[in-house]
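Chemist: If you scroll down you'll find the structure; I have some questions about it.
The values are calculated or read from the model by the stated rules, or taken from the named source; none is laboratory data. The structure presented is a predicted model; accordingly, all values stated were derived computationally and were not measured. For neighbour counting, all protein chains shown are included, and Cβ atoms are generated from backbone atoms with ideal geometry for every residue, glycine included. Ligands, DNA and RNA are excluded from the accessible area calculation, which covers all protein heavy atoms including side chains. Shrake-Rupley method; radii C 1.70, N 1.55, O 1.52, S 1.80 Å.
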Amino acid sequence: MAGIKDLGVGIGWRSEIDLTVERLPGVDFVEVVAENLHIGHLPESVTLLLERGVPVLPHAVSLSLGGADEVDLHRVEHLGAVAEAVGAPMVSDHVCFVRAGGLDSGHLMPVPRTKDALDVLVANVKLAQRNLPVPLALENVAALLEWPDGELSEGQFLAELVERTDCWLLVDVANLYANARNIGTDPERFLDEIPLERLAYVHVAGGEQHGDIYHDTHAHAVLPEVLDVLDELCSRVAPPGVLLERDDNYPSDTEIASELAAIRAVVDKHRG
Amino acid sequence: MTKQTDTQGAWLSAEEAGFLTAGPGRAAEAVLARLIDQGLLRVSRDGLVSAVHQDGEGATTSVEARMLSFARNPVQFDAIVLATRNCTEVAQLYRQLLSRELMRVPHRRHDGRWFSLAVAGVAVVLGFVSPVFLVAAAIALGFFVWQNGSGPITQAGREALSQVQASDRVHVVALYGFDGRFRGKDVGELFDFPRRVVRTVPRRPARARRRSIWNGGGCGSSSSCGSSGCAGSSSSCGGGSGCGGGGGGD
Ligand SMILES: [Fe+2]
């Protein structure tokens, strides 16, 4: 896939930290939430980053590709239009559903890992791909529960999804860590099972433990344990890019810079 | 907070220098500048100011703590200046400047100045009757000039302010305001904000360094004198009535 190789280290662009993102040293690429952008009215900051040659990748949160409802092609078209507006080499969303029966959950809900659910997901992904101008990457989500009667592990589920749709994978190592903490999944097994040659890039994010539950908040510091999962991934494959997601409770520029530096250190360690 | 001193030992923080230079709004601007400078406040391109820490961490003065509390949720650049300008902590800052005799309450001295002018006018008319009244007119006029010429800044305040240098961008804001000019450049450029962000702060007429609205030449002799009513009246400062008259950029 042209243009996606060697993205480097990036950060999720958010309007609250636009000047920070522009000023931070070592931001090689950014991700924008596609639903927050309006075609024809790109934020000045995003335009400035594009002029500097910083790749801008649209990330969607509302396609609900894992849902039984028909894919809303207006949302797909908007994602594609954002990709064209920013000249992105790819777009992404999640392996999840956010709507069911006309109701919006407001959360990225995990998909039951059954053959039937996979068939639905595959059909939706193929429909989306046909209506997108660039390749689609799909991200593993954090789950607080597992649907009963799962027939596949998460890694097997994603591997089969890639096999049948030729999509790319966006691996969120913070979500892998959250799932390990909350539902006992094994990040190493996940990494063993997915086709790493289809890795588009990686997400890293912070979270917080509340009682027995680890919350993938994107509003707290990145835990060393999450960087350990990144380290494990990097020991297997050189990821084309690694992106820090921060959505709230933004720390100082210095703290953000040091999180990016910590991510880069893990990546560089394996590039030797 | 970095302080600068005069030869007589009157220490001025940037917020104090801002207050002496142009009133409570400028003090608020100086506080905003320092908190941004220290990475304790973040400004976005659309002019939203937000606190980096939710617990007020990093504040070194009560005004700074107040401004950080205002910015727990994102707030517009001009709104946070206005809110801080009107807060009780800035009123307290003013009282401290009074107690240190860097400022005085000007109203008392201004009381009756129009009476002096009226007396002078009547005396001039009576001067046609007897030249003695012309002497009285001169005295009354002199008294009027004296009353008008004294602003709320004391001699000690002026001396302290004269020692404050625009040695960093925080003090540049204190002395010239975010929307001012310094060494041929817009002060806002020192912070790399889009120009429209600092333009949201209401602008006061440019005035020369040291000829602040508080000193005799700037305030007492011009129509902008009404704004000195803030610093001159502690009851209006901090009472939410809008210290500084025209806006936050004073
Ligand atoms: Fe993610």
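Chemist: With every protein chain present, what is the per residue accessible area of the stretch A:12-271 (1.4 Å probe, Å²)?
Modeler: Per-residue accessible area for the stretch A:12-271 comes out at 41 Å².
Chemist: Additional query: Is there a simple number for the mean count of other chain Cβ atoms within 10 Å of the Cβ of residues in A:20-29, and what is it?
Modeler: Rounded to a whole number, the mean comes out at 1.
Chemist: For the protein assembly as shown, state the semi-axes of the equivalent ellipsoid (square roots of 5 times the eigenvalues of the alpha-carbon gyration tensor), sorted largest first and rounded to whole angstrom.
Modeler: 64, 21, 19
Chemist: Further question on the same structure: Counting only DSSP beta bridges with both residues in the stretch A:12-271, what percent are antiparallel, rounded to the nearest 5?
Modeler: Counting only bridges with both partners in the stretch A:12-271, antiparallel ones make up about 20 percent.
Chemist: Put +1 on the Cβ of each Lys and Arg and -1 on the Cβ of each Asp and Glu in the protein assembly as shown; which of B:98, A:118, B:75 then has its Cα farthest toward the positive end of the dipole?
Modeler: Value: B:98.
Chemist: Still on this model: For chain A, set up a GNM with springs between Cα atoms under 10 Å and report which of A:89, A:25, A:240 has the largest fluctuation.
Modeler: In this elastic network of chain A, the residue with the biggest mean-square fluctuation among A:89, A:25, A:240 is A:25.
Chemist: Would you mind pulling out the separation of the Cα centroids of the stretch B:168-203 and the stretch A:144-192, in Å?
Modeler: 52
Chemist: Residues of the stretch B:174-202 losing 20 Å² or more of accessible surface, assembly versus chain alone, probe 1.4 Å, please list them.
Modeler: B:192, B:196
Chemist: Using a Gaussian network model of chain A with C-alpha springs under 10 Å, which one of A:38, A:218, A:203 is most mobile by mean-square fluctuation?
Modeler: A:38
Chemist: Given N residues in the stretch A:129-272, what is Rg(Cα) / (2.2 N^0.38 Å)?
Modeler: So the stretch A:129-272 has a normalised radius of gyration of 1.06.
Chemist: I would also like to ask the following. For the stretch A:1-90, just say rounded, prolate or oblate: build the C-alpha gyration tensor, square-root its eigenvalues into a ≥ b ≥ c, call rounded for a/c under 1.5, and beyond that prolate if a/b exceeds b/c, oblate if not.
Modeler: Note, shape of the stretch A:1-90 comes out prolate.
Chemist: Using just the helices of the protein assembly as shown, give the 222 nm mean residue ellipticity in deg cm²/dmol: DSSP H runs with n ≥ 4 each add -39,500 (n - 2.57), and the total is spread over all residues, rounded to 500.
Modeler: Numbers: 21 runs with 219 residues, N = 522.
Roughly -12500 deg cm²/dmol at 222 nm, from the helical runs in the protein assembly as shown.
Chemist: Further, regarding this structure: Would you mind telling me the antiparallel percentage of the DSSP bridges in the protein assembly as shown, rounded to 5?
Modeler: 40
Chemist: In the Gaussian network model of chain A, springs joining C-alpha atoms below 10 Å, which of A:168, A:13, A:147 carries the largest mean-square fluctuation?
Modeler: Judging by the Gaussian network model, the answer is A:147.
Chemist: Something else about it: Report the normalised scattering of chain A as log10 I(q)/I(0) at q = 0.08, 0.14 Å⁻¹, calculated by the Debye formula with identical scatterers on the alpha carbons.
Modeler: The computed values of log10 I(q)/I(0) come out as -0.29, -0.97.
Chemist: Ok, one more. Taking the alpha-carbon set of the stretch B:24-166, what are its Rg and Dmax in Å?
Modeler: 22.9, 74
Chemist: Hey, another quick one. With θ set to phi - 60° and the Karplus curve 6.51 cos²θ - 1.76 cosθ + 1.60, what are the ³J(HN,Hα) couplings of the stretch A:227-236 in order, to the nearest whole Hz, using x for Gly and Pro?
Modeler: Going residue by residue, I get 5, 5, 5, 4, 4, 4, 4, 5, 6, 9 Hz, with x marking Gly and Pro.
Chemist: Pop out a list of residues from the stretch B:40-58 that are at least 10 Å² less accessible with all the protein chains around than in their chain alone; 1.4 Å probe, no ligands or nucleic acids counted.
Modeler: B:42, B:43, B:44, B:45, B:46, B:52, B:53, B:54
Chemist: Can you give the FRET efficiency for residue A:147 and residue A:236, using 1/(1 + (r/R0)^6), R0 = 22 Å, r = Cβ-Cβ distance, to the nearest 0.05?
Modeler: 0.20
Chemist: Now for a different question. For chains B and A, what's the summed buried accessible area, probe 1.4 Å, to the nearest 100 square angstrom?
Modeler: For B against A, buried area totals roughly 1100 Å².
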